[in-house]
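The values are calculated or read from the model by the stated rules, or taken from the named source; none is laboratory data. Given the structure is predicted, the values throughout are model-derived calculations rather than measurements. Because the Cβ atoms are built from the backbone with ideal geometry, glycine has one as well, and the counts that use them run over all protein chains shown. The area values use the complete protein model at the heavy-atom level, side chains included, leaving out ligands, DNA and RNA. Shrake-Rupley method; radii C 1.70, N 1.55, O 1.52, S 1.80 Å.
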Amino acid sequence: MCGAAAALAGVILLGPRAGKYNEDGSINAMPGANMPLATLGTFILWFGWFGFNGGSELKVSNIEEANAVATVFVNTNAAAAGGLLAALITSQLMFGKADLTMALNGALAGLVAITADPLSPTGGLATLVGAIGGVIVVFSIIYMDKLKIDDPVGAISVHGVV
């Protein structure tokens, strides 16, 4: 929630980007300028999440704890993959085309969704948790635009809604 609150404060202070919203209330899509770099950034976050979630075990002093860390790693990856695929499919169904920015936010939403408890679910359930986060983030980003909240990277939706 801290990331979402900071993003919301920034959006309120800065206001929408020039040209984002028309006088009639319609919304102009403003895709990112460098999608390969955005994708790389997402993959770096995805990789870093293994240390974040795996570090929540705090120790690898015996076989049981080492196995718990391995389960956390599997569930973290499964949730991110589930979120990415679900957001990609949702955007395909809603817009008639796959949207890379939605897919990237779906991966992050999957990571956020599983972070509360990455140890308990099975890999399949972790994928489902991530997929639910991925679907929610797509609808949240669309809703934020309808509210005229211009969140260029989807941080409010990823961290505050999911």
Selection count, region 28-51, where residues are under 19 Å from Ser140 (Cα atoms) and either small (Gly, Ala, Ser) or touching a strand residue (DSSP E or B) at 6+ places or on another chain (Cβ under 6 Å) (or both)
2
Residue match in region 89-96 (condition: touching a Lys or Arg at 6+ places or on another chain (Cβ under 8 Å), part of a helix (DSSP H, G or I) and free of Cβ contacts under 8 Å to residues at least 60 places away in the same chain):
yes
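Could you tell me whether Leu93 is within 23 Å of Asn53 (Cβ to Cβ), among the hydrophobic types (A, V, I, L, M, F, W, C) and open to solvent by 30 Å² or more (accessible area, probe 1.4 Å)?
Taking the combined requirement at face value, the residue does not satisfy it.
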For region 39-56, how many residues meet the condition of being touching a residue at least 40 places away in the same chain (Cβ under 8 Å) and open to solvent by 40 Å² or more (accessible area, probe 1.4 Å)?
3
Being out of contact with any Pro (no Cβ under 9 Å at 6 or more places or on another chain) and either outside any helix (DSSP H, G or I) or of a type outside the set (Val, Ile, Thr) (or both) is the filter here, so list the residues in region 58-77 that pass it.
Leu58, Lys59, Val60, Ser61, Asn62, Glu64, Glu65, Ala66, Asn67, Ala68, Ala70, Asn77
Total residues in region 104-125, condition surrounded by fewer than 24 Cβ atoms within 10 Å (Cβ to Cβ) and among the small types (Gly, Ala, Ser):
4
